[in-house]
């Protein structure tokens, strides 16, 4: 929250940002766009790297923003209907759905998981790819744009035995 807290960690912050380990996210970039993605833009990464390589100066106090007041003002979301797809058992949709989010289940630390939808006419929708997962990152990955999947779509979870993906779907 403060310069004095961040300054001793400047080189470590730079390294973590360059390796894309910070801020923690888990979803591989470029697969799909998600809501609330905290990933840094290339310009933000360059600003942090430049700050560190420039000696990590404090800057002028008059330009500091007001310290944020952290509170959760969003009401809890209404539970959405869900489909659970296990890694050992692909799911074939009996009717069309609109997927709005995906949540990994029982994925161990360091593991990877891909969730893919194979539509009947041959289209492939990559829903998510999590690499080197950490349980501390457990979250629901909301799709920026809902995904319409027709009846007959086969959803496959490629991950360690015993893992699953929970798809949140919008009510019909």
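Just to be sure, is residue 89 surrounded by fewer than 16 Cβ atoms within 10 Å (Cβ to Cβ), free of Cβ contacts under 8 Å to residues at least 24 places away in the same chain, more than 20 Å from residue 37 (Cβ to Cβ) and out of contact with any helix residue (DSSP H, G or I) (no Cβ under 8 Å at 6 or more places or on another chain)? Talk me through it step by step, then tell me what you get.
Details: surrounded by fewer than 16 Cβ atoms within 10 Å (Cβ to Cβ): yes; free of Cβ contacts under 8 Å to residues at least 24 places away in the same chain: yes; more than 20 Å from residue 37 (Cβ to Cβ): yes; out of contact with any helix residue (DSSP H, G or I) (no Cβ under 8 Å at 6 or more places or on another chain): yes.
For residue 89, the condition - surrounded by fewer than 16 Cβ atoms within 10 Å (Cβ to Cβ), free of Cβ contacts under 8 Å to residues at least 24 places away in the same chain, more than 20 Å from residue 37 (Cβ to Cβ) and out of contact with any helix residue (DSSP H, G or I) (no Cβ under 8 Å at 6 or more places or on another chain) - is met.
Determine whether the stretch 62-81 contains at least one residue that is touching a strand residue (DSSP E or B) at 6+ places or on another chain (Cβ under 9 Å), surrounded by 10 or more Cβ atoms within 10 Å (Cβ to Cβ) and in contact (Cβ under 8 Å) with a residue 60 or more places away in the chain.
yes
If you take the residues of the stretch 20-34 that are over 17 Å from residue 109 (Cα atoms) and in contact (Cβ under 8 Å) with a residue 24 or more places away in the chain, which of them is surrounded by the fewest Cβ atoms within 10 Å (Cβ to Cβ)?
It comes out as 33.
When you check residue 44 against the structure, is it in a helix (DSSP H, G or I) and exposed (fewer than 15 other Cβ atoms within 10 Å of the Cβ), yes or no? Give the derivation first.
Values: in a helix (DSSP H, G or I): yes; exposed (fewer than 15 other Cβ atoms within 10 Å of the Cβ): yes.
The answer is yes for residue 44.
Can you tell me which condition residue 104 does not meet? The list is (1) within 21 Å of residue 22 (Cβ to Cβ); (2) more than 12 Å from the chain's Cα centre (by Cα), and all the others hold.
Here residue 104 meets the rest and fails (2).
Condition first: within 27 Å of residue 139 (Cβ to Cβ), modelled with pLDDT of 90 or more and over 23 Å from the mean Cα position of the chain (by Cα). Now tell me which residues in the stretch 50-90 satisfy that.
If the condition is that a residue be within 27 Å of residue 139 (Cβ to Cβ), modelled with pLDDT of 90 or more and over 23 Å from the mean Cα position of the chain (by Cα), then 89 is the only one that fits.
The values are calculated or read from the model by the stated rules, or taken from the named source; none is laboratory data. Small disclaimer: the values here were computed from a predicted structure and weren't measured. All Cβ positions, glycine included, derive from the backbone under ideal geometry; neighbour counts span all protein chains shown.
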